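Just so it is clear, none of the values below were taken in a lab; they were calculated from the coordinates. Please read all numbers here as calculations on a predicted model, not as lab measurements. Neighbour counts are summed over all protein chains in view; Cβ atoms, including those assigned to glycine, are modelled from backbone coordinates with ideal geometry.
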Amino acid sequence: MYYIFQDWEANKGNLKGRMVMVLFRLARPASINKFFRILWLPYLAFYKIFVEWFLCIELPHWTQVGKGFYLGHGHALVVNGCSIIGENCFFRHSTTIGNIRRDDGSYTGSPIIGNNVELGSNVCIIGEIKIGNNVRIGAGSVVVKDIPDNAIAVGNPARVIKTIAPATHQTQPEPALLASLS
């Protein structure tokens, strides 16, 4: 039961975030093997229609998402299913996490995002990018290169503007951390 509600506390006061993350965690077993995928098929259809079409959040059930994920506003969030997201991350609306289609039709790898990462709204992280732990990325930033641990990055293309002291384990990211960077 804990598995299903592992994001509950992180989304305190955020009914939409709580609902989407419970639905995501319920869909996740379908990625274990073909048997579960077939068994979960009716639920996966519901998940896709409700979460993707009605709530406009693309968070495929096979995406690896660590516990304590906070979904701020959630509208227009697009996450490539091959992305990996660490623990205690905070994503705001209109964020895109994806890969790049090459000229030959193949695709790059997807981003790997560390623990305690906070993204402002309209952040775009594309390609085989590694985002370190305890990173903050300002609103509207386009990340096309790796970001090291304990950094604040902003801009298009995003660049590190400040190194911060390593954070201790966060249970709930502060909702207004990037207000001064926007």
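Rank VAL142, CYS82, PHE35 by how far each Cα sits towards the positive end of the charge dipole of the stretch 15-163 (+1 on Lys, Arg Cβ; -1 on Asp, Glu Cβ) and give me just the farthest.
Among VAL142, CYS82, PHE35, the one farthest towards the positive end of the dipole of the stretch 15-163 is PHE35.
For TYR2 and GLU52 in the same chain, what is the full-extension length gain: residue separation times 0.36 nm, less their Cα-Cα distance, in nm? Spell out each step's value before the answer.
On the way: separation 50, 0.36 × 50 = 18.00 nm, distance 2.44 nm.
Length difference between fully extended and current span is 15.6 nm.
What is the sum of charges around SER83, taking Lys and Arg as +1, Asp and Glu as -1, for the other residues whose C-beta is under 15 Å from the C-beta of SER83?
Details: positive: ARG28, LYS130; negative: GLU58, GLU87, GLU128, ASP146.
Around SER83, the surrounding residues sum to -2.
Using Cβ counts within 10 Å as a stand-in for footprinting exposure, how do LYS67, LYS12, LYS34, LYS48 rank, fewest first? Write out the running numbers ahead of the final one.
On the way: LYS67 18, LYS12 11, LYS34 8, LYS48 14.
Lowest to highest Cβ neighbour count: LYS34, LYS12, LYS48, LYS67.
If you take the C-alpha gyration tensor of the stretch 109-163, multiply each eigenvalue by 5 and take the square root, what semi-axes do you get, largest first, in whole Å?
On the way: eigenvalues 37, 35, 19 Å².
In descending order the semi-axes read 14, 13, 10 Å.
Based on other C-beta atoms within 10 Å, arrange THR108, THR63, THR95 from fewest to most.
If I rank by nearby Cβ atoms, fewest first, I get THR108, THR63, THR95.
For q = 0.22 Å⁻¹, what log10 I(q)/I(0) does the stretch 29-68 give under the Debye formula with an equal point scatterer on each alpha carbon and no solvent?
Each listed q maps to, in turn, -0.75.
Could you please state, rounded to a whole Å, how far the C-alpha centre of the stretch 69-125 is from the C-alpha centre of the stretch 6-36?
For the stretch 69-125 versus the stretch 6-36, the Cα centre distance is 17 Å.
Under 22 Å from the Cα of LYS12, which lysines turn up, not counting those fewer than eight places away in the same chain?
LYS67
Taking every DSSP beta bridge with both residues inside the chain, roughly what % is antiparallel (nearest 5)?
Of those bridges, close to 20 percent are antiparallel.
Using Cβ counts within 10 Å as a stand-in for footprinting exposure, how do PHE90, PHE36 rank, fewest first?
PHE36, PHE90
Which whole-Hz couplings ³J(HN,Hα) result when phi for each residue of the stretch 121-128 is put into the Karplus expression 6.51 cos²θ - 1.76 cosθ + 1.60, θ = phi - 60°, listed in order with x for Gly and Pro?
5, 6, 7, 10, 10, 10, x, 7
How big is the stretch 15-163 on each of its three principal axes, counting only the C-alpha atoms and giving the largest first in Å?
48, 41, 23
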